[in-house]
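The values are calculated or read from the model by the stated rules, or taken from the named source; none is laboratory data. Computed from a prediction, not measured in an experiment: that's the story for all the values here. Ideal geometry is used to build each Cβ from the backbone, glycine not excepted, and the neighbour counts take in all protein chains shown.
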Amino acid sequence: MLETTLAGSLPKPAWLAEPQKLWAAWRLDGALLAEGKRDAVLACLKRQEDAGIDIVTDGEQSRHHFVHGFLVGLSGLDFEHKRTIGIRNNRYKAEAPVVTGAIKRTKPVHGDEVRFMRVHTKKPVKFTLPGPMTIVDTLADDHYKSREKLAFAFAEALNAEARDLEAGGADVIQFDEPAFNVFPGEVRDWGIAALERAARGLKCKTAVHICYGYGIAANLAWKQTLGGQWRQYEDVFPLLARSKIGQVSLECANSKVPIELLGLLKGKDVLVGAIDVANETTETPEQVAATIRTAMKHVPAEHLFPCTNCGMAPMAADLAWKKVEALAKGAAIVRRELGAP
């Protein structure tokens, strides 16, 4: 009960990549980079276990970016001639690969990574993948000329990858869909269907992560435009409640999301964000516990998984790990109150 987990990314060691940068370049290459990635994953797993996290991730230590880390394994994309585009409805600009042909997954992308994790931890393992809509929103498309068609092409590739990850030992496969908070009409029209296609046939737990983004300047500025209540989840949660996805990861701590919106996810596991990734203050365990108690008014404890609001890749490492420890300690407080082990 109240098993803790993380939304996905954690800071990379400074010897592996430049710290506190979302698009940080690797500081190693070749065989040294491959070895460095494995060492970073080992350290990441050990620190989560020591902190008391129940369902661990690899912290996305082997990926340059949560979307591009998967895309580099696909054909039909040009990474040499990137184009500057506005993403998340022009919230900010990014250098995007260009879709130049049919999207194909010609070989496994992350299979070795999940198998490495499985060998080196006895904890349940969660592995994250970008969702179809978010991938589409992070690319320039010169081939499909349809966001829906492109999304389903990626859904096919994601499904093949997810099946391999499940076979390699993943207990939870999570699809990251921050774009769901930006394009509710497309979520309704084809986004949920594309997400379900990506997860089709999986027997492990499936999750979708929807948040308000990393703690970077563009996202912080966007939040200032959302008013006194952030109600984007109100459009998406009823659709997800009817979907085949088992878990929903969302932002809650230190946000203006009306807590009662969690009740729209009846029947789903809720990974409630109890750690703010957009500030430099470490939550106390009691603050985490208070967030969990509030969430329990709308979600039964057996369906609640204390989590982080979003990934922590751009955060200072010492701050991120203090927050991780606070998450585990806060959940332990509430478990004791409930008489759970």
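Descriptive notes on the structure:
- Screening ASP50, ASP58 for residues that are outside any loop (DSSP other than H, G, I, E, B) and within 25 Å of ALA326 (Cβ to Cβ) leaves exactly one candidate, ASP50.
- Restricting ASP176, ASP189 to residues that are among the acidic types (Asp, Glu) and over 18 Å from the mean Cα position of the chain (by Cα) narrows the list to ASP189.
- Residue satisfying all of: in the range 207-220; over 16 Å from the mean Cα position of the chain (by Cα) and free of Cβ contacts under 8 Å to residues at least 60 places away in the same chain; surrounded by the fewest Cβ atoms within 10 Å (Cβ to Cβ) among these: ALA217
- Answer residue from the range 122-174, given it is under 30 Å from GLU49 (Cβ atoms) and either at pLDDT below 95 or among the basic types (Lys, Arg) (or both) and is surrounded by the fewest Cβ atoms within 10 Å (Cβ to Cβ) among those: LYS122
- Within the range 26-47, not a single residue is surrounded by 18 or more Cβ atoms within 10 Å (Cβ to Cβ) and at pLDDT below 95.
- VAL187 being among the β-branched types (Val, Ile, Thr) and part of a helix (DSSP H, G or I): yes
- Annotation: ARG83 fulfils all but one of (1) without any contact (Cβ under 8 Å) to a residue 60 or more places away in the chain; (2) buried (at least 16 other Cβ atoms within 10 Å of the Cβ); (3) more than 26 Å from ALA253 (Cα to Cα); the unmet one is (2).
- Residue, modelled with the highest pLDDT, within the range 243-257, restricted to residues that are farther than 21 Å from GLY131 by Cβ and surrounded by 14 or more Cβ atoms within 10 Å (Cβ to Cβ): ALA253
- The sole residue among ASP78, ASP50 that is under 30 Å from PRO300 (Cβ atoms) and without any contact (Cβ under 8 Å) to a residue 24 or more places away in the chain is ASP50.
- Every pair of residues 6+ apart whose Cβ atoms lie under 9 Å, when the first sits in the range 262-277 and is farther than 15 Å from CYS211 by Cβ while the second is of a type in the set (Phe, Trp, Tyr): GLY263/PHE237; LEU264/TYR233; LEU264/PHE237; LYS268/PHE237; ASP269/PHE305
- Residue match in the range 291-303 (condition: under 21 Å from PHE66 (Cβ atoms), crowded, with 19+ Cβ neighbours inside 10 Å and touching a Gly at 6+ places or on another chain (Cβ under 7 Å)): no
- All conditions in (1) over 19 Å from ASN219 (Cβ atoms); (2) polar (S, T, N, Q); (3) assigned to a loop (DSSP other than H, G, I, E, B) hold for SER75, with the sole exception of (3).
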